[in-house]
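Shown below is the structure under consideration.
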Amino acid sequence: MAVSSDCVPGIKETVVTINSSWCKKCGICAAFCKKKVLVQHKNKTIGIENSENCVGCKTCINLCPDYAISLEVKEQ
Ligand code: SF4
Ligand code: SF4
């Protein structure tokens, strides 16, 4: 789980979660996250880094073939 900062005006705080039970480690989400929030480690697992850069675009969610990613938008 990662929590992004709310320091950018207009961008709400988000929480990205990977369901590791459903993730097949294909790496699509990491490859297409332009903000480099999702990264694929050498052992193929997906890590959530630079979480403060998440802009809530949902690209990762829309591309994940296994519905393993969820995004919560926090109320401010
Ligand atoms: S796209 Fe989905 S299944 Fe593929 S690595 Fe990312 S979370 Fe896992
Ligand atoms: S919502 Fe967008 S910026 Fe955030 S982790 Fe997914 S692809 Fe990256």
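Read-outs throughout are calculated quantities, based only on the coordinates presented, and are distinct from any laboratory measurement. Note that the structure is predicted; figures quoted are calculated from it, not measured. Counting neighbours? That spans all protein chains shown, and the Cβs are built from the backbone with ideal geometry, glycine included.
Which order results if Lys35, Lys44 are arranged by neighbouring Cβ count within 10 Å, fewest first?
So the ranking, lowest neighbour count to highest, is Lys44, Lys35.
Let me ask something else. How do Ser20, Ser70, Ser51 line up, fewest other C-beta atoms within 10 Å first?
Ascending Cβ contact count within 10 Å gives the list Ser20, Ser70, Ser51.
Enumerate the residues in the stretch 39-76 having an amide nitrogen under 15 Å from the point lying 7 Å beyond the Cα of Asn19 toward its Cβ.
Within reach of a label on Asn19, which here means backbone N under 15 Å from a point 7 Å along Cα→Cβ, the stretch 39-76 contributes 61-72.
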